[in-house]
Amino acid sequence: MSVLSGKKILLGISGGIAAYKTASLVRLFIKAGAHVQVIMTPASKDFVTPLTLSTLSKNPVYSTFYNEDDDNEQWNNHVELGLWADLMLIAPATANTLSKMVNGNCDNLLIATYLSAKCPVYFAPAMDLDMYKHPSTIASFQTLKQFGNTIIPAESGELASGLSGEGRMAEPENIISFLENDLERQLPLKGKRILITAGPTYESIDPVRFIGNYSSGKMGFDIAESASKLGATVILISGPTHLNSQNSSINLIRVTSAQEMYDACQTHFKEVDVAICAAAVADYKPKTIASQKIKKSDSEFSIELEKTKDILVSLGQMKKNQFLIGFALETENEIENAKLKIQKKNLDLIVLNSLQDKGAGFATPTNKITFITKDFVVEPMPLKLKTEVADDIMNKVISHYEKNS
Ligand code: CTP
């Protein structure tokens, strides 16, 4: 999945021939899953039509402070547009627009929005080769870099003037790659490896029966997605679940029993920076597994069970620098029991679920959790979607690294 997915992109188009390429650019943003709004300078409308861009972006296109045809004369709020965006891209950025950006010469909606935007701003210059090399243009680039804006350098090749050299706006595919690389580099968990356990475990009784539980695996899969969005590489060790992941930064390892989950965790724990055990691991398993289907005979039947290995305890013992997060599912004396688990399992943080809370626990899209740190700071959270809870958990991981950097 592209890092641009879900991002709100404000595309500012100024009046150069390269404006015709912005149709492809908008298309590529939409394909990457981004939301796009377009602002055009009046001159750019000679090179590409607002209708093309509004059709591709699925949004109205703005180019003036208010719409003359609109009887209500509502103004196009540049402050709102600037605040809406996660990222502003000015492409093509002509010498004229660059100079206006440098001087705050606010005579069109694009510059007014640029001055209002709080998000990161990128610009892709496009002009003839001598204009590109002119000291005035170079001075504009330097000043804009000082403002914190990022240049997407022009490429070399045939120019509209017939000359050949540097000045062509970067190709739309290259602009997208540039933005993706730059955004990925800045992700807060870039370079971090995270092990996550998810789902139930099945403990075999005989070839056709098992002891299991109602865990769907959703919480663990949502944590994996959230971690990957933040730049981490994820090893997701999951018990039997119908869930799947198409995400290439998530290495999904499927296991069945507690022993298999234990073995997979032992193999991978040494390689990771963070481990989050969200699986509902069976605490007991049948002492022996019948090799043939058990036939019904007596009116009563019992299975002798023995304890499984506690994966989290073993990780707590192996822990070096890893940040270790466990879950606790409780039905009574929740806080006290969770605190005991923090100590017993040598955790840095526990995520407590109480089955007494409505909307918490297995097979629901929501969860109601309480964070408890190893210093016993208790932080109850409101009822949220599991995807939001996953983001909250990952924010705790980010804060841990921010505090320790
Ligand atoms: N856990 C584990 N291996 C086990 C059992 C549990 O790794 N064999 C992990 C779970 O993934 C969870 C945490 O331990 O992160 C706590 O699980 P929970 O079921 O709440 O507690 P238990 O330790 O099993 O204790 P009890 O059932 O007695 O409350």
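Applying the selection to the range 118-155, what residues are of a type in the set (Gly, Ala, Ser) and crowded, with 21+ Cβ neighbours inside 10 Å?
Filtering the range 118-155 down to residues of a type in the set (Gly, Ala, Ser) leaves 124, 126, 136, 139-140, 148, 154.
Ala124, Ala126, Ser140, Ala154, listed by residue number.
Condition check ((1) more than 23 Å from Ile152 (Cβ to Cβ); (2) at pLDDT below 95; (3) of a type outside the set (Gly, Ala, Ser); (4) surrounded by 20 or more Cβ atoms within 10 Å (Cβ to Cβ)) across all residues:
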residue: Pro172; (1), (2), (3), (4): no, no, yes, yes
residue: Asn181; (1), (2), (3), (4): no, no, yes, no
residue: Glu184; (1), (2), (3), (4): no, yes, yes, no
residue: Thr201; (1), (2), (3), (4): yes, no, yes, yes
residue: Ser204; (1), (2), (3), (4): yes, no, no, no
residue: Ile211; (1), (2), (3), (4): yes, no, yes, no
residue: Ile223; (1), (2), (3), (4): yes, no, yes, yes
residue: Ala227; (1), (2), (3), (4): yes, no, no, yes
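Could you tell me which numbered condition Lys307 fails, if it satisfies all but one of (1) within 26 Å of Ser226 (Cα to Cα); (2) in contact with a strand residue (DSSP E or B) (Cβ under 8 Å, 6 or more places away or on another chain); (3) within 9 Å of the ligand (Cβ to nearest atom)?
(1)
The rows are residues; the columns are (1) closer than 19 Å to Ala279 by Cα; (2) modelled with pLDDT of 95 or more; (3) surrounded by fewer than 18 Cβ atoms within 10 Å (Cβ to Cβ).
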residue	(1), (2), (3)
Asp298	no, no, yes
Leu305	no, yes, yes
Ile311	yes, yes, no
Ser314	yes, yes, yes
Lys320	no, yes, yes
Gly326	yes, yes, no
Glu334	yes, no, no
Ala338	yes, yes, no
Lys341	yes, yes, no
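Matching residues to (1) buried (at least 18 other Cβ atoms within 10 Å of the Cβ); (2) in contact with a Gly (Cβ under 8 Å, 6 or more places away or on another chain):
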position	(1), (2)
Ala18	yes, no
Ile39	yes, yes
Thr49	no, no
Tyr62	yes, no
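Can Asp263 be described as more than 11 Å from the ligand (Cβ to nearest atom), loosely packed, with under 13 Cβ neighbours inside 10 Å and not small (Gly, Ala, Ser)?
Numbers: more than 11 Å from the ligand (Cβ to nearest atom): yes; loosely packed, with under 13 Cβ neighbours inside 10 Å: no; not small (Gly, Ala, Ser): yes.
No: the conditions fail for Asp263.
Hey, does the range 375-386 have a residue that's more than 30 Å from the chain's Cα centre (by Cα) and either without any contact (Cβ under 8 Å) to a residue 12 or more places away in the chain or more than 16 Å from the ligand (Cβ to nearest atom) (or both)?
No: the range 375-386 contains no residue that is more than 30 Å from the chain's Cα centre (by Cα) and either without any contact (Cβ under 8 Å) to a residue 12 or more places away in the chain or more than 16 Å from the ligand (Cβ to nearest atom) (or both).
Among the residues of the range 229-247, count how many are among the polar types (S, T, N, Q), touching a residue at least 40 places away in the same chain (Cβ under 8 Å) and closer than 16 Å to Lys386 by Cβ.
Matching residues across the range 229-247 total 2.
Filter the range 150-203 down to the residues that are in a strand (DSSP E or B) and touching a residue at least 60 places away in the same chain (Cβ under 8 Å) and list them by number.
Residues satisfying the conditions are Arg168, Arg193, Ile194, Leu195, Ile196, Thr197, Ala198, Pro200, Glu203.
Pick from the range 321-362 the residues that are among the polar types (S, T, N, Q) and assigned to a strand (DSSP E or B): which of them is nearest to the ligand (Cβ to nearest atom)?
Once the filter is applied, the top-ranked residue is Asn353.
Please verify whether Lys295 is assigned to a loop (DSSP other than H, G, I, E, B) and either closer than 22 Å to Val397 by Cα or not assigned by TED's automatic domain parsing to the domain that holds Asp392 (or both), treating the condition exactly as stated.
Details: assigned to a loop (DSSP other than H, G, I, E, B): yes; either closer than 22 Å to Val397 by Cα or not assigned by TED's automatic domain parsing to the domain that holds Asp392 (or both): yes.
Yes, satisfied.
Please give the number of the condition Ile111 fails out of (1) free of Cβ contacts under 8 Å to residues at least 24 places away in the same chain; (2) under 22 Å from Ala43 (Cβ atoms); (3) assigned to a strand (DSSP E or B).
If we test Ile111 against (1) free of Cβ contacts under 8 Å to residues at least 24 places away in the same chain; (2) under 22 Å from Ala43 (Cβ atoms); (3) assigned to a strand (DSSP E or B), just (3) comes out false.
The values are calculated or read from the model by the stated rules, or taken from the named source; none is laboratory data. Keep in mind the model is a prediction, meaning the values are calculated, not measured. Note: ideal-geometry Cβ built from the backbone for every residue, glycine included; neighbour counts use all protein chains shown.
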